[in-house]
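Chemist: The structure follows.
The values are calculated or read from the model by the stated rules, or taken from the named source; none is laboratory data. It should be emphasised that the depicted structure is a prediction, and the values quoted were computed from it without experimental measurement. Note: ideal-geometry Cβ built from the backbone for every residue, glycine included; neighbour counts use all protein chains shown. The protein model used for the area step is the full one, side chains on, heavy atoms only, and it has no ligands, DNA or RNA in it. Shrake-Rupley method; radii C 1.70, N 1.55, O 1.52, S 1.80 Å.
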Amino acid sequence: MVRKTHRGGIGAIGSAKASYFHPSEHIRTKFPNDYKTLRLENVTIVHDGTARVNHKEQRCYFVNVEGIGAILHIVVKNFRVDQPPAVIFEAERQTADPPVEAAAASSRNEAEEIRRSQQNVSANVAPREEIAELRRRGIEVDDDNEPAPENAWSPPSPFSTGQWEQPTICPRVADVKISKFYVWLGCQFFMACFEGVANREEWWSTKPISRRHGAPFRLTEYMQKNRFLQITAAVVYTNKPPPSFVDKFHNVRNEYHSIADGNLGKPIMWRVKLQEGKDRPKDSNNKPCFLTEFESHTKTSALMLYMTKPIHNTGKIVTMDSGFCVAAGILALHDVGVYGQSLIKKHGRFWPKHVPGQLIDNHMKDKEIGFAATYKQSIGGKDFLVHCQKDDTYVTKILSTHGILKQVNSHITYCNIDGEWKTFKYVELMSRHNCSKH
């Protein structure tokens with residue numbers, strides 16, 4: 001097999017992307033406009049060793065870069081040796097290149113490892129030095145290298161606060177399945193008792209009640225107009241066969257599940273918030289000049305509420321990435337009639353608040369691939385759910401207040417384990433996350 005790069009050693013010359021060299025301030029000073037895309041050539045290796053990169057000790061080359069009067073270092077795997085050295089580093093000496101079969105197996109394993117990786121793409125993550133400089137200037141910056149402020153670390157409880165179960169009824173469906181439908185039905189019966197109201201929306205009018213025009217009562221205190229119209233739009237003719245007896249109302253009945261169903265909804269762009277620089281000027285007391293209605297919530301929770309405002313009280317599902325894995329935000333969305341779900345990831349050494357990640361991993365480690373279970377807790381009287389599904393080397397976790405572990409027959413995934421291909425079907429929440437934009 002032809003090697004893509006030579007082995008490293010003192011005096012070897014190679015190349016790499018400028019953004020891979022550390023400390024990064026030297027690179028940004030030398031190439032301020034294109035350091036993120038520039039590739040540096042004719043870089044000479046001085047010696048090898050270890051250095052802390054991305055929060056962990058890694059083997060690096062220490063190098064000289066033309067025009068920079070300091071020794072930089074770069075992780076070995078990010079550097080390509082174009083001209084081999086006279087003497088190879090001890091750590092890289094081998095008697096011979098690996099056989100073609102072994103090299104091919106290694107390549108497959110590497111590809112499989114990349115496929116399994118759940119780490120975020122970090123191309124747009126600003127270096128820590130750049131973030132510190134922006135904050136020094138008074139500009140608010142969200143550091144994706146750090147967990148959300150609501151997930152600040154606190155000692156985990158030594159006691160289990162939840163229980164494992166296989167939910168069969170989605171709380172989201174159960175909330176509107178009976179009670180809301182009965183209210184909707186009552187509104188229909190009540191409106192049918194009065195003649196002469198041509199426009200149904202007049203029952204929710206904000207104008208004073210008139211003895212000559214419009215509806216004689218208002219239904220706002222029983223059900224919001226938008227909710228009434230949404231349920232009305234969801235009612236369709238049933239496709240169930242008629243019963244043996246004569247039932248004149250059979251064709252206009254509808255299954256409750258269809259009324260509350262939103263699990264098959266399509267991703268829609270509801271709101272966009274542009275954020276650049278000092279977008280929220282502050283007054284003399286260092287408080288935002290333009291307050292929003294969600295200022296009483298935590299920072300991430302307020303953003304989640306603001307971005308979903310157009311769909312509050314609709315019962316819709318919002319799929320979010322791990323940056324919004326905040327328990328307070330998920331519960332706040334639940335309070336305004338939106339069902340949020342977000343991917344759970346470990347930031348550094350810590351799991352998000354109210355997510356016993358290590359306990360979950362220990363419970364799932366011996367389960368079969370594709371096995372799914374839900375860890376249920378109660379927070380503020382609400383069901384707080386961590387849905388889990390076992391993959392080859394990790395457990396996918398979704399945070400939500402809704403959902404069941406129903407398999408999606410059309411969404412099958414494959415993984416290669418010890419040379420054997422195995423398959424399993426994703427459950428609804430995992431499938432929705434993988435297929436949606438977030």
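Chemist: Expected output is a single nm value to one decimal: the length gained when fully extending between Glu195 and Glu57, i.e. 0.36 nm times separation in residues minus the C-alpha distance. What is it?
Modeler: Using 0.36 nm per residue and subtracting the Cα-Cα distance, I get 41.9 nm.
Chemist: Past the 32 Å Cα-Cα mark, which pairs from Lys309/Lys376; Lys17/Lys390; Lys309/Lys397; Lys287/Lys397; Lys309/Lys382?
Modeler: Those over the limit are Lys17/Lys390; Lys287/Lys397.
Chemist: I've got another one for you. Taking a 1.4 Å probe, which of Arg80, Arg28 shows the most accessible area, and what order do the others take after it?
Modeler: These residues rank, largest area first, as Arg80, Arg28.
Chemist: Solvent-accessible area of Ile209, probe 1.4 Å, all protein chains present, reported in Å² to the nearest ten, please.
Modeler: Rounded to the nearest 10, that gives 100 Å².
Chemist: Can you give me the distance in nm between label points at Lys346 and Asn226, each placed 7 Å from the Cα along the Cα-to-Cβ direction?
Modeler: Here the answer is 4.0 nm between the modelled labels.
Chemist: Along the Cα→Cβ direction, 7 angstrom out, place labels at Ile417 and Glu293. What is the inter-label distance in nm?
Modeler: Between Ile417 and Glu293, the simple spin-label model gives 5.0 nm.
Chemist: Let me ask you something else. In nm, what is the difference between 0.36 nm times the number of residues separating Glu165 and His47 and their Cα-Cα distance?
Modeler: Using 0.36 nm per residue and subtracting the Cα-Cα distance, I get 37.0 nm.
Chemist: Moving on to the next point. With a cut-off of 8 Å between alpha carbons and a minimum separation of six or more residues, what is the relative contact order of segment 11-64 in percent?
Modeler: The value is 35 percent.
Chemist: If you don't mind, there's one more thing I want to ask. Cys388: accessible area at probe 1.4 Å, nearest 10 Å²?
Modeler: Here the accessible area works out near 0 Å².
Chemist: With every protein chain present, what is the per residue accessible area of segment 394-435 (1.4 Å probe, Å²)?
Modeler: 48 Å²
Chemist: When the accessible area of segment 282-409 is computed with all protein chains present and a 1.4 Å probe, what percentage of it is carbon and sulfur?
Modeler: That fraction is 49 percent.
Chemist: Quote the FRET efficiency, to the nearest 0.05, computed for Gln83 versus Glu25 with a Förster distance R0 of 35 Å and r equal to the Cβ-Cβ distance.
Modeler: Efficiency for this residue pair is about 0.80.
Chemist: If you don't mind, another one. How many nm separate the modelled label positions at Ser179 and His363, each set 7 Å beyond the Cα in the direction of the Cβ?
Modeler: Placing both labels 7 Å beyond Cα along the Cβ direction yields 2.7 nm.
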